[in-house]
Amino acid sequence: TEGILGTYVFFNPETINEAHDIYYADEKGTGEFSKQKELGEEAYSRNSSDMAWFYEPYDKGHAIWTDPFYWESLNLNMFSYAKAITINNQHVGTVGIDIKFDEIKASINQISPYQTGYAFLINGNHNFLVHPEFNQEESLSIWGNDIREKINKNNEGILQYKYDNQKNYLAYKKLDNGWILGITVPTEEVLAGVNQSRNYMLIVSIITVILALIIMFYL
């Protein structure tokens with residue numbers, strides 16, 4: 001499948017009493033998948049954020065989409081769709097796919113509406129996954145808590161907010177995996193065409209009135 005970086009099944013050492021995984025990845029981006037080196041038992045730590053993709057599907061009881069993370073062995077940023085393998089209420093392992101994130105990020109960064117507008121991507125907790133200035137530690141609340149509340153109520157919409165003494169429009173759409181794609185543009189840029197048309201109509205109206213007065217005077 002296009003865009004897939006790897007596919008895997010990792011078994012839980014606590015259940016099968018040994019560390020074992022089968023992970024095939026497209027290391028060079030050529031479409032050729034090769035088996036990767038297996039993780040050691042010491043890597044399976046619940047306290048490690050690097051293993052959140054492994055434990056969260058079991059802890060939450062459903063498949064998950066992870067936030068983007070850096071996988072050192074492949075030297076790539078990726079995110080996973082993962083689901084737990086459960087037998088007799090025991091977490092036997094986790095199966096899933098890895099998806100390249102850098103290409104998605106580049107596509108979002110290429111979106112540039114109007115003069116200074118841009119696109120951004122946030123996760124379900126409203127933390128920024130893609131943004132020209134903010135990182136994943138920062139959230140949408142930097143623009144105001146009311147924005148978060150409005151976005152939570154609807155799957156898509158357009159709203160206004162003020163940040164750094166500048167008024168902006170924000171359009172957003174919730175994606176199937178819980179992330180939210182948004183576009184923000186300064187209000188003055190959006191209304192520039194409207195203001196230009198208004199000024200044009202005003203000038204035309206003034207000229208029309210003047211011509212009408214001249215014709216009336218002449219008659």
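The values are calculated or read from the model by the stated rules, or taken from the named source; none is laboratory data. Only a predicted model underlies this, so the values are computations on that prediction, with no experimental measurement involved. All Cβ positions, glycine included, derive from the backbone under ideal geometry; neighbour counts span all protein chains shown. Only protein heavy atoms, including side chains, enter the accessible area calculation; ligands, DNA and RNA are left aside. Shrake-Rupley method; radii C 1.70, N 1.55, O 1.52, S 1.80 Å.
Mind checking whether some residue in segment 190-212 is of a type in the set (D, E, K, R) and either in contact with a helix residue (DSSP H, G or I) (Cβ under 8 Å, 6 or more places away or on another chain) or in contact (Cβ under 8 Å) with a residue 24 or more places away in the chain (or both)?
Our first condition is that a residue be of a type in the set (D, E, K, R); within segment 190-212, this holds for 198.
Filter again for either in contact with a helix residue (DSSP H, G or I) (Cβ under 8 Å, 6 or more places away or on another chain) or in contact (Cβ under 8 Å) with a residue 24 or more places away in the chain (or both), leaving none.
No: segment 190-212 contains no residue that is of a type in the set (D, E, K, R) and either in contact with a helix residue (DSSP H, G or I) (Cβ under 8 Å, 6 or more places away or on another chain) or in contact (Cβ under 8 Å) with a residue 24 or more places away in the chain (or both).
Residues in segment 1-51 that are in a helix (DSSP H, G or I) and open to solvent by less than 20 Å² (accessible area, probe 1.4 Å) were compared, and the one that is modelled with the lowest pLDDT is MET51. Of everything in segment 52-98 that is surrounded by 18 or more Cβ atoms within 10 Å (Cβ to Cβ) and small (Gly, Ala, Ser), the residue that is farthest from ILE122 (Cα to Cα) is GLY93.
Of all the numbered requirements in (1) in contact (Cβ under 8 Å) with a residue 40 or more places away in the chain; (2) surrounded by 15 or more Cβ atoms within 10 Å (Cβ to Cβ); (3) over 20 Å from TYR8 (Cβ atoms), ILE111 misses one, and that requirement is (2).
Out of all the residues in segment 57-82, which are in contact (Cβ under 8 Å) with a residue 60 or more places away in the chain and in contact with a Pro (Cβ under 8 Å, 6 or more places away or on another chain)?
Applying the first criterion (in contact (Cβ under 8 Å) with a residue 60 or more places away in the chain) to segment 57-82 yields 65, 67-68, 74, 76, 78, 81.
Passing the criteria: only MET78.
For segment 146-198, a tally of residues being exposed (fewer than 15 other Cβ atoms within 10 Å of the Cβ), under 30 Å from LYS83 (Cβ atoms) and touching a Lys or Arg at 6+ places or on another chain (Cβ under 6 Å) returns 2. Would you check if GLU103 is open to solvent by 50 Å² or more (accessible area, probe 1.4 Å), modelled with pLDDT under 90 and within 22 Å of the chain's Cα centre (by Cα)? Considered against the rule, which asks whether it is open to solvent by 50 Å² or more (accessible area, probe 1.4 Å), modelled with pLDDT under 90 and within 22 Å of the chain's Cα centre (by Cα), GLU103 comes out as yes. When residues in segment 125-145 are screened for being open to solvent by less than 80 Å² (accessible area, probe 1.4 Å), free of Cβ contacts under 8 Å to residues at least 40 places away in the same chain and at negative phi, 10 of them pass.
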